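The values are calculated or read from the model by the stated rules, or taken from the named source; none is laboratory data. All values reported here derive from a predicted model rather than from experimental measurement. Neighbour counts are summed over all protein chains in view; Cβ atoms, including those assigned to glycine, are modelled from backbone coordinates with ideal geometry.
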Amino acid sequence: MDDVNCEGTENFIGDCSHLPLEEHNCNPETECIQLICAAGGYRRPEDDETMAISHSIDGTINFVYGGVQKSICGRRFSDFSANVVCR
């Protein structure tokens with residue numbers, strides 16, 4: 001899923017605007033989104049590692065389309081989009 005853009009009110013990342021699922025130009029080495037979701041919000045792996053996190057879930061955001069696991073990617077993945085993923 002490429003060029004994901006959420007407003008922050010969506011219940012699921014699939015409700016956010018994005019390119020059609022069969023159309024993308026994702027570069028898996030530079031554009032795959034990785035987040036660490038935790039109580040009280042999220043952070044990106046490159047953020048300050050000294051931040052205390054409990055009950056966290058982390059990794060690349062994936063989904064299944066047509067029986068194939070795919071990643072969510074985009075150079076402009078916003079805080080709104082991250083909050084939708086981590087709800």
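Looking only at residues of segment 45-67 that are at pLDDT 75 or above and not hydroxyl-bearing (Ser, Thr, Tyr), we find that the one that is farthest from ASN25 (Cα to Cα) is GLY67. Evaluate segment 68-86: report whether one residue or more is hydrophobic (A, V, I, L, M, F, W, C) and at pLDDT below 80. Scanning segment 68-86, I find at least one residue that is hydrophobic (A, V, I, L, M, F, W, C) and at pLDDT below 80, so the answer is yes. Step by step: first the residues of segment 1-34, then only those that are modelled with pLDDT of 90 or more and acidic (Asp, Glu), then the one that is nearest to TYR65 (Cα to Cα). Which residue is that? Across segment 1-34, the extreme among qualifying residues is ASP15.
Taken over segment 10-39, the criterion of being over 14 Å from ARG75 (Cα atoms) and surrounded by fewer than 10 Cβ atoms within 10 Å (Cβ to Cβ) is satisfied by ASN11, PRO20, GLU22, GLU23, ALA39.
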